[in-house]
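Here is the structure we will look at.
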Amino acid sequence: QKDGVIKVISDAATDVLLGVHIIGAGAVELISSGVLGLEMAAREEDFRFPFYPHPSGNEALLEAVEALRAQAIHLAPAKQGKKEDHTKGVTI
């Protein structure tokens, strides 16, 4: 199973994570990392430093966090005409 979605939402001003959504095979294993990050008021950079084995589903969480700053390798083109708000979120 390769299909799924991970979405990470953060505050644009502080980079603190506000939400993590994970759907797909292996979601139950990955969500614990998201919950831990939310409980510790993690920032985006806190999710960039842990080791993510390759190839693995764990890399999807890293890509979702990297996508907040358009640094993900597998980032889809941005949609035009979105309204601005105080959060950032990208779906991988």
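The values are calculated or read from the model by the stated rules, or taken from the named source; none is laboratory data. Small disclaimer: the values here were computed from a predicted structure and weren't measured. Counting neighbours? That spans all protein chains shown, and the Cβs are built from the backbone with ideal geometry, glycine included. Just so you know, the surface numbers come from the protein's heavy atoms only, side chains and all, with ligands and any DNA or RNA stripped out. Shrake-Rupley method; radii C 1.70, N 1.55, O 1.52, S 1.80 Å.
Restricting to the range 6-59, name every residue that is open to solvent by 60 Å² or more (accessible area, probe 1.4 Å) and touching a residue at least 40 places away in the same chain (Cβ under 8 Å).
Residues satisfying the conditions are Lys7, Ala13, Leu18.
Being part of a strand (DSSP E or B) and either modelled with pLDDT of 80 or more or open to solvent by 50 Å² or more (accessible area, probe 1.4 Å) (or both) is the filter here, so list the residues in the range 60-92 that pass it. Outline the logic, then answer.
To start, the set of residues in the range 60-92 that are part of a strand (DSSP E or B) comprises 87-91.
Result: Thr87, Thr91.
Which residues, counting only those in the range 31-58, are part of a helix (DSSP H, G or I) and at pLDDT below 85? Give the steps one after another, and end with the answer.
Of the residues in the range 31-58, the ones part of a helix (DSSP H, G or I) are 31-39, 44-48, 58.
If the condition is that a residue be part of a helix (DSSP H, G or I) and at pLDDT below 85, then Arg48, Asn58 are the ones that fit.
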